[in-house]
Amino acid sequence: MIRLATLDMAGTTVDDGHHVYRVLAESVTREGASITDAQLQEWMGTEKRDAITNLLRIGGVETDEAQVEAAFTWFLAELERAYRQAPPTPLPGVVDGIAALRARGIKVVLTTGFTRSIAYPILAAMGWTTGDDESATIDGIVCADEVRRGRPAPYMIFRAMELAGVESVEQTSATGDTVADVEAGRNAGVLAIAVTSGKLPATAFDGVDVDHVIPGVADLLDLPEFAGVPAFAG
């Protein structure tokens, strides 16, 4: 029985207009990298500084720390500008889905490849709050710059377990719209779930070690693992 549901942000709980895809690609192509959509997708969901570093190398750029930092700084500024012009919104069914999960006694913590400087303004723009009281939208959030390494490393999931007070990986799930989300869940030893609410179709997860592929967060409610936490479980 799941007691903690960790959920990705962009493409899973948040509709960001696919700006993060566009801006990440532009951050490396403007530095001279040539990348394919498949190569870009491989690094979606990961910590963005790591993504930029690897995409530059894949794209044929012999990069150094200063160039990576310059590209990452541009990425942050451009993404913040895009979000000011077109603020992200919750994906359909997500708010009610999260509320229903929490009503069943399941903690909900967001995990994201965004830094705190991006993630928290997104939450504020949507009017989302964090806390363990019933009025809060979610129980917490873990950002990529709060752990040693982002996805596909499992550390954000483990940090979410610490925040939620859940000790068992068998009572934890990880849900996201990218292969990196699924790989992080698998590396953590938790229930790994893919959603198709982002850019990837269900076929993109063929051959990936995933437990469930579902349309969106609200569909978690129909999975047997999310039936709810018995009252005596605490």
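Structure values in brief
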read-out	value
Unique residue being under 22 Å from residue 91 (Cβ atoms), touching a strand residue (DSSP E or B) at 6+ places or on another chain (Cβ under 8 Å) and in a helix (DSSP H, G or I) when the list is 198, 185	185
Only one of 218, 227 that is small (Gly, Ala, Ser), out of contact with any strand residue (DSSP E or B) (no Cβ under 8 Å at 6 or more places or on another chain), under 23 Å from residue 93 (Cα atoms) and open to solvent by 50 Å² or more (accessible area, probe 1.4 Å)	227
Extreme residue, least open to solvent (accessible area, probe 1.4 Å), among residues of segment 54-84 that are under 16 Å from residue 21 (Cβ atoms) and free of Cβ contacts under 8 Å to residues at least 12 places away in the same chain	54
Residue 213 under 16 Å from residue 11 (Cα atoms), out of contact with any Leu (no Cβ under 9 Å at 6 or more places or on another chain), at pLDDT 95 or above and open to solvent by less than 20 Å² (accessible area, probe 1.4 Å)	no
Residue within segment 78-86 that is touching a Leu at 6+ places or on another chain (Cβ under 9 Å) and modelled with pLDDT of 95 or more present	no
In segment 1-45, residue nearest to residue 180 (Cα to Cα) [restricted to those that are among the hydroxyl-bearing types (Ser, Thr, Tyr) and surrounded by fewer than 24 Cβ atoms within 10 Å (Cβ to Cβ)]	21
Sole residue being out of contact with any helix residue (DSSP H, G or I) (no Cβ under 9 Å at 6 or more places or on another chain) and open to solvent by 20 Å² or more (accessible area, probe 1.4 Å), chosen from 93, 105, 127	127
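The values are calculated or read from the model by the stated rules, or taken from the named source; none is laboratory data. Just so it is clear, the model here is predicted, and its values are computed rather than measured. As a convention, Cβ positions derive from the backbone with ideal geometry for all residues, glycine included, and neighbour counts pool all protein chains shown. Ligands, DNA and RNA are excluded from the accessible area calculation, which covers all protein heavy atoms including side chains. Shrake-Rupley method; radii C 1.70, N 1.55, O 1.52, S 1.80 Å.
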